[in-house]
Amino acid sequence: MKEEFTEEVLQLVKVASSRIPPVENLVPSEYVKSGTSKGIPMYSNHNEKLNIEFNVERLAFPGIQTMDPRLLRIPPNRNNELHRHAHETIFVILEGSGEVLIGDTRIPIKSGDVSFIPRWIFHQTINMGENDLVILAITDFGFTSAVLGNYDHRTRLSQ
């Protein structure tokens with residue numbers, strides 16, 4: 001077990017063990033988002049040669065610490081890049097259809113499906129439908145970043 005902990009990890013441990021919500025002046029309506037909500041733009045990528053085109057938006061919730069909910073939008077007949085990262089991800093397919101490549105296996109996905117992407121597994125999402133593919137991606141990026149620091153920029157492949 002690691003003997004040194006970052007300040008972020010120690011803060012997470014303190015909040016979790018206190019059983020006291022970390023949010024002051026709780027406003028329950030801020031904890032519900034519509035499935036068609038727009039998030040805060042995080043990043044996008046467009047590479048014609050590799051057929052890459054997508055946008056990622058963060059769904060902000062007050063006091064969120066370990067989870068990192070994101071909306072991934074991929075236009076018809078496009079994909080995101082083949083990449084991997086240290087955080088785990090659950091995909092909830094909100095709209096559209098396509099395929100998710102996990103390791104060496106392509107798996108069909110459609111609205112209503114749920115998929116799990118393990119840590120460090122190469123993966124890619126391809127929109128095979130006629131409409132935008134919209135995915136709610138729920139990650140543990142906050143927790144993983146607290147432990148590893150800002151690792152995402154070093155692991156995401158742009159080409």
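Mind jotting down the distance between the C-alpha centroids of the range 52-123 and the range 27-49, whole Å?
13
Once ligands and nucleic acids are excluded and a 1.4 Å probe is used, how much of Arg106 is accessible, expressed in Å² to the nearest 10?
130
Give me the base-10 log of I(q)/I(0) for the range 66-152 at each q in 0.12, 0.14, 0.17, 0.21 Å⁻¹, Debye formula, one uniform scatterer per Cα, rounded to two decimals.
-0.33, -0.45, -0.65, -0.95
If one takes the longest principal axis of the Cα atoms in the chain, at what angle in degrees, from 0 to 90 and to the nearest 10, does the Cα axis of helix 7-18 lie?
Rounded to the nearest ten degrees, it is 70.
What spacing in nm lies between the two simple spin-label points modelled at Ser17 and Asn51, each 7 Å away from Cα in the Cβ direction?
Calculated label separation equals 5.1 nm.
Rolling a 1.4 Å sphere over the protein heavy atoms, what is the accessible area per residue of the range 68-130, to the nearest Å²?
On the way: 2850 Å² over 63 residues.
Using a 1.4 Å probe on heavy atoms only, each residue of the range 68-130 averages 45 Å².
For the chain, which span is the longest to avoid every loop-located (per DSSP) member of chymotrypsin sites (Phe, Trp or Tyr not before Pro) having at most 15 other Cβ atoms inside 10 Å? Before the final figure, lay out each step's value.
Details: sites that count: Phe5, Trp120, Phe122, Tyr151.
That would be 6-119.
At 0.890 mPa s and 25 °C, plugging the Kirkwood radius over alpha-carbon pairs of the chain into Stokes-Einstein gives what diffusion coefficient in µm²/s?
D, rounded to a whole number, is 145 µm²/s.
Provide the solvent-accessible area of Met67, counting protein heavy atoms only and rolling a 1.4 Å probe, rounded to the nearest 10 Å².
Here the accessible area works out near 110 Å².
Under the rule of -39500 (n - 2.57) per DSSP H run of 4 or more residues, summed and divided by the residues of the chain, what mean residue ellipticity at 222 nm is obtained, to the nearest 500 deg cm²/dmol?
Rounded to the nearest 500, it is -4000 deg cm²/dmol.
What's the carbon and sulfur percent of the chain's accessible surface, probe 1.4 angstrom, rounded to a whole number?
So the carbon and sulfur contribution to the accessible surface is 56 percent.
The values are calculated or read from the model by the stated rules, or taken from the named source; none is laboratory data. Keep in mind that this is a model prediction, so the values were computed, not measured. All Cβ positions, glycine included, derive from the backbone under ideal geometry; neighbour counts span all protein chains shown. Only protein heavy atoms, including side chains, enter the accessible area calculation; ligands, DNA and RNA are left aside. Shrake-Rupley method; radii C 1.70, N 1.55, O 1.52, S 1.80 Å.
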